[in-house]
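Encoded as structure tokens, the structure appears first; notes follow it.
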Amino acid sequence: MERFAPPMSRLIDELRKLPGVGSKSAQRLAFHILRTSQTDAESLSAAILNLKAKLHLCSVCNNITDVDPCTFCTSPTRSRRTICVLEEPTNIAAVERSRTYNGVYHVLHGTLSPVNGVGPEHLRIGNLLNRLAEADEIILALSPTTEGEATATYLATEIHRARRDLRVSRIATGVPAGSDIEYADEITLTRAIENRRDL
């Protein structure tokens, strides 16, 4: 005998696919949605569908955007000579909070993780290498995890192979080892960017 009616079970199963949502949280969310008005449920559904229809990756930097190229890549006030490489689009907001960086970005959408079957071909590295001709410096602002360090080392090697004269730096370790850059406070991140080191 089923614990919930099939429509509820299906919604709970779909919600459990979200990061950080376990069975109990999925059930709470599903029952919350059930209790909301028809209008609120339709608004949520429309917002999700609109998100999928309107947002895509920037063809230059891989940021999530509704215009292509994104506003960072087309901004006349940002320097294209410095490219800050990040793991995820959410990391851009963390760097922007520091208010000390005025270059452009490149988002990898992950880090190397052989244990999880993530190799260089799974990351957005190709279009980064295509952007090197216009750059003076590549800042690797990857989280100080094992995967982040491995990715930084791999990228530094590939970038130097493509352009030996290009400065490649790594943000300073003001960001605690093993943590995610997304959760770093703006002062820590500012110091990390200002005290970056060459690789």
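The values are calculated or read from the model by the stated rules, or taken from the named source; none is laboratory data. This is a predicted model, so every value here is computed, not measured. Quick reminder, even Gly has a Cβ in these numbers, built from the backbone with ideal geometry, and neighbours come from all protein chains shown.
Quick rundown of the values:
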| read-out | value |
| --- | --- |
| Cβ pairs under 7 Å, 6+ apart, first in region 157-169 and under 22 Å from residue 101 (Cβ atoms), second among the small types (Gly, Ala, Ser) and exposed (fewer than 13 other Cβ atoms within 10 Å of the Cβ) | none |
| Answer from 92, 12 - the residue that is assigned to a helix (DSSP H, G or I), under 30 Å from residue 158 (Cα atoms) and among the β-branched types (Val, Ile, Thr) | 92 |
| Lone qualifier among 75, 113, 79 - being touching a strand residue (DSSP E or B) at 6+ places or on another chain (Cβ under 6 Å), closer than 29 Å to residue 167 by Cβ and among the small types (Gly, Ala, Ser) | 79 |
| Candidates 56, 32, filtered to the one that is over 30 Å from residue 190 (Cβ atoms), under 16 Å from the mean Cα position of the chain (by Cα) and of a type outside the set (D, E, K, R) | 56 |
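For (1) outside the structural domain of residue 193 (by TED's automatic domain parsing); (2) touching a Phe, Trp or Tyr at 6+ places or on another chain (Cβ under 9 Å), each residue gets a yes or a no:
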{"position": "12", "(1), (2)": "yes, yes"}
{"position": "23", "(1), (2)": "yes, no"}
{"position": "37", "(1), (2)": "yes, no"}
{"position": "77", "(1), (2)": "no, no"}
